[in-house]
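What follows is one structure encoded as structure tokens, with my remarks underneath.
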Amino acid sequence: MSFLVDHARDAYYNKQTHVVLFSSTAIALYGYDQGMMSLINTNYDYLHTMGIFESSPVVGVIVAVYYLGCAVGAVIFSKLADEFGRKRSIFLSLAAASLGNLLMFLAGFGNTQGALAVMLTGRVVMGMGVGGIDSVIPTYSSELSNDDARGKALAQEFQSNIFGLLMAFG
């Protein structure tokens, strides 16, 4: 009997470890994107492709629409997670972030006028996906954690955010 209890406990902790690793990776990628976009916005080739000047306020708009998307995505995907489940919401958030990344990548191949519109759209869509990840992952992780491990799991996830920023700046 004690073998079964020990085995169940070990399986539970193993699953909890996997969830924290997965969620920490997602949050680290969020931090990485934050850092990379701040570096890209100072690249002359990028600014030329987008058809904007270095001192243009549009540079700030490109950054701001991402965070607007994050706010909207957090609300939308949190609601979806409550209605359809955390795993489905996480998958949809990752799909939205991937689509946004694809749009931003494609923006570099367009003409100057169209590139900016595609980049802004990509930033909003990606922001929605990342906002969903940032709202659903910590909730999912805390639901799967023991009462005495929740704080540690959330702290590790947000330490990963800073690690992602460091990766981008490094």
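Which residues, counting only those in the range 83-95, are among the charged types (D, E, K, R) and at pLDDT below 95?
First pass over the range 83-95, keeping only residues among the charged types (D, E, K, R): 83, 86-88.
Listed by number, the residues that qualify are Arg86, Lys87, Arg88.
Restrict the check to the range 160-169 and report whether at least one residue is assigned to a helix (DSSP H, G or I) and of a type in the set (Ser, Thr, Tyr). Taking every residue of the range 160-169 in turn, at least one turns out to be assigned to a helix (DSSP H, G or I) and of a type in the set (Ser, Thr, Tyr).
If a residue must be among the polar types (S, T, N, Q), surrounded by fewer than 17 Cβ atoms within 10 Å (Cβ to Cβ) and in a helix (DSSP H, G or I), how many such residues does the range 140-155 contain? Full working, then the answer.
Quick first cut of the range 140-155, residues among the polar types (S, T, N, Q) only: 141-142, 145-146.
Pick out the ones that are also surrounded by fewer than 17 Cβ atoms within 10 Å (Cβ to Cβ) and you get 146.
From what is left, the residues that are in a helix (DSSP H, G or I) are none.
Residues flagged as among the polar types (S, T, N, Q), surrounded by fewer than 17 Cβ atoms within 10 Å (Cβ to Cβ) and in a helix (DSSP H, G or I) within the range 140-155 amount to 0.
Would you check if Val124 is of a type outside the set (Lys, Arg), more than 22 Å from Val63 (Cα to Cα) and within 16 Å of the chain's Cα centre (by Cα)? Against the criterion (of a type outside the set (Lys, Arg), more than 22 Å from Val63 (Cα to Cα) and within 16 Å of the chain's Cα centre (by Cα)), Val124 does not qualify. The set of residues in the range 48-77 that are within 14 Å of the chain's Cα centre (by Cα) and of a type in the set (Ser, Thr, Tyr) comprises Tyr66, Tyr67.
The values are calculated or read from the model by the stated rules, or taken from the named source; none is laboratory data. Predicted model only: the values in this text are computed from it and were never measured. Every residue, glycine as well, gets a Cβ built from its backbone with ideal geometry; the counts of neighbours run over all protein chains shown.
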